[in-house]
Amino acid sequence: MTANQYTNGIVRKIKCDGTKKKDIKKQLLTDINLRIEQGEKLEDIIAQMGCAKEIAEGFNESISPKEEKKYVRNKILKILLTIILLLSFLICFIYWLSPKVKDLDNSKYFNKNQVESAMLDTIELLDEENYASLQGKAISQMQSILNKETMQDVRNQISDNWGKRQSFGVMYTGELLQGNTHYAIGEITVIYENVSVTYRLTFDKNMQLAGLFIR
C-alpha cells in the first residue's frame, strides 16, 4: 500500500465536502512524508496511525452537524444525478434499438419499385410452393422455415383451403431502421377464393427475404 492509497482510504470515509477532504489528505500526506524523510518506514507509520476507518471516525467526531448534513445532501444529489444519467442513457439506448419506419421514397438503400416487385415475387413463389427458389432469395436464418411442412402449418392456421389466388390488394411499403440496420418492409392483402391473407415481408439491403409474417 502506498501513502496515497492509505490517505485516500481515510478521506473517503470522512463526512465532509470535497474541499475539506483535500485539505485533510494534504495534511496527512505531509505528516507521513515528513516521518519517512526522518527514516521511518511507511509500514510502521501506518501501523502506528491505525486503520483508515478508525482515523476517519476521529475526524468525523469533529465535523459539525451542519457540515455533516451538507455532506449527506451532496451525496444523495450525486446518487440521484448518477441515476438520472443512467436512465437517460438507457432511454437513448432503447430509442436507438427501437424500430423506426420512414417512407421508402426518401430511402438511400431501397428502391420502392424493386421492393414491390420482390414482394409479388415472394408471394408467387409461396403459392407455387417453390421453396428452393425462396431459400435462395432469403437470409440464412429464414431458410430453415421456408419448407413445405412449416409453411403448410402456417397456411392451415388461417384456413385448410385457401383456393386459387384471385387478386392483389394495395401495397404499403416503408424503410425500417433498427439500431444501425436498415430493412425494407411491405404489407399487402391478397384475395384467394376462400380467404383473404395479409403478408408482411421484410428485406435486407441485399433484397434478401429477412422476415415473413402471414395472417
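Segment 98-215 holds helices (runs of 4 or more DSSP H) entirely within its bounds, and those carrying 3 or more residues that are surrounded by 14 or more Cβ atoms within 10 Å (Cβ to Cβ) and either among the small types (Gly, Ala, Ser) or within 33 Å of the chain's Cα centre (by Cα) (or both) map to 112-128, 131-136. Scanning for something in the same structural domain as residue 21 (by TED's automatic domain parsing), among the β-branched types (Val, Ile, Thr) and within 21 Å of the chain's Cα centre (by Cα), does segment 73-81 turn up at least one residue? Looking through segment 73-81, none of the residues is in the same structural domain as residue 21 (by TED's automatic domain parsing), among the β-branched types (Val, Ile, Thr) and within 21 Å of the chain's Cα centre (by Cα). Among residues of segment 15-43 being surrounded by 11 or more Cβ atoms within 10 Å (Cβ to Cβ) and among the basic types (Lys, Arg), the one that is farthest from residue 64 (Cα to Cα) is 35. Would you please list the contacts, defined by Cβ atoms under 9 Å and residues six or more apart or on different chains, that run from a residue in segment 39-53 that is under 16 Å from residue 2 (Cβ atoms) to a residue that is outside any helix (DSSP H, G or I) and among the hydrophobic types (A, V, I, L, M, F, W, C)? If the second residue must be outside any helix (DSSP H, G or I) and among the hydrophobic types (A, V, I, L, M, F, W, C), the pairs left are 42/1; 43/1; 46/1. Out of 163, 186, I need the residue that is touching a helix residue (DSSP H, G or I) at 6+ places or on another chain (Cβ under 6 Å), of a type in the set (Gly, Ala, Ser) and in the same structural domain as residue 121 (by TED's automatic domain parsing). Which one? Matching residue, one of 163, 186: 186. Return the residues of segment 172-195 that are of a type in the set (S, T, N, Q) and touching a strand residue (DSSP E or B) at 6+ places or on another chain (Cβ under 6 Å); say none if nothing qualifies. Within segment 172-195, 173, 189 qualify. Taken over segment 1-14, the residue count meeting the criterion of being surrounded by fewer than 13 Cβ atoms within 10 Å (Cβ to Cβ) and closer than 29 Å to residue 76 by Cα is 3.
The values are calculated or read from the model by the stated rules, or taken from the named source; none is laboratory data. Quick caveat: nothing in here was measured; it's all calculated off a predicted structure. Note that we place each Cβ from the backbone using ideal geometry, even for glycine, and neighbour counts take in every protein chain shown.
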